[in-house]
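Working notes for the structure below.
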Amino acid sequence: MPPPRPPPSIMWDGVMKEPFAGSTTPTNRCPYCLNTWRKKSLVRLVQHMKKCKKLPFARYERYERTVHRSLRQPQVDSAAYTISAIDQRNADDALAEAIYNSGLAFSFVSITL
Ligand SMILES: [Zn+2]
């Protein structure tokens with residue numbers, strides 16, 4: 001009696017096996033983008049998942065895929081939020097005018113001691 005086969009890798013979860021005419025090797029179909037490949041190797045599967053455009057983020061860790069730089073939270077540097085003194089003055093004037101024109105009572109700012 002042959003030794004029992006090891007369980008398939010969790011990486012194959014969701015991958016559909018479809019018969020391929022004239023061959024005992026089935027076609028593998030990606031559950032996310034529905035592309036197919038024939039090779040029954042884990043390396044080939046991971047290769048696909050690392051570039052699959054529809055792989056959910058929740059599966060990135062499983063395939064040791066890194067998040068593309070453009071999809072990460074953008075890094076904000078202080079220069080992006082710096083405005084000139086003239087722009088600051090114009091923004092203050094515009095805000096003051098907006099508050100004045102809205103008819104809001106200035107007492108909306110309360111200071112509690
Ligand atoms: Zn895919």
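Couplings 3J(HN,Hα) of the range 91-102, computed from phi: 5, 4, 4, 5, 5, 4, 5, 5, 5, 4, 5, 6 Hz, in residue order, whole Hz [Karplus 6.51 cos²θ - 1.76 cosθ + 1.60, θ = phi - 60°; x for Gly and Pro]. Charge dipole of the range 10-66 (Cα centre as origin; +1 on each Lys and Arg Cβ, -1 on each Asp and Glu Cβ, all else neutral): 200 debye, rounded to the nearest 20. Between residue 27 and 18, 20, the built amide H atoms are under 5 Å apart, and every one of these is 5 or more places off in sequence or on another chain. Residue-wise HN-Hα couplings along the range 47-56, as the Karplus relation 6.51 cos²θ - 1.76 cosθ + 1.60 with θ = phi - 60° gives them from phi, are 4, 5, 5, 6, 10, 4, 6, 10, 5, x Hz; Gly and Pro carry x. A compact globular protein would have a Cα radius of gyration near 2.2 N^0.38 Å; the ratio found for the range 10-66 is 1.11.
Under the criterion of Cα pairs below 8 Å and six or more residues apart, the relative contact order for the range 10-66 equals 26 percent.
Quick note: the coordinates plus some simple rules give every number you see, no bench work behind them. Only a predicted model underlies this, so the values are computations on that prediction, with no experimental measurement involved. Reconstructed Cβ throughout: ideal geometry from the backbone, glycine too, with neighbour counts over all protein chains shown.
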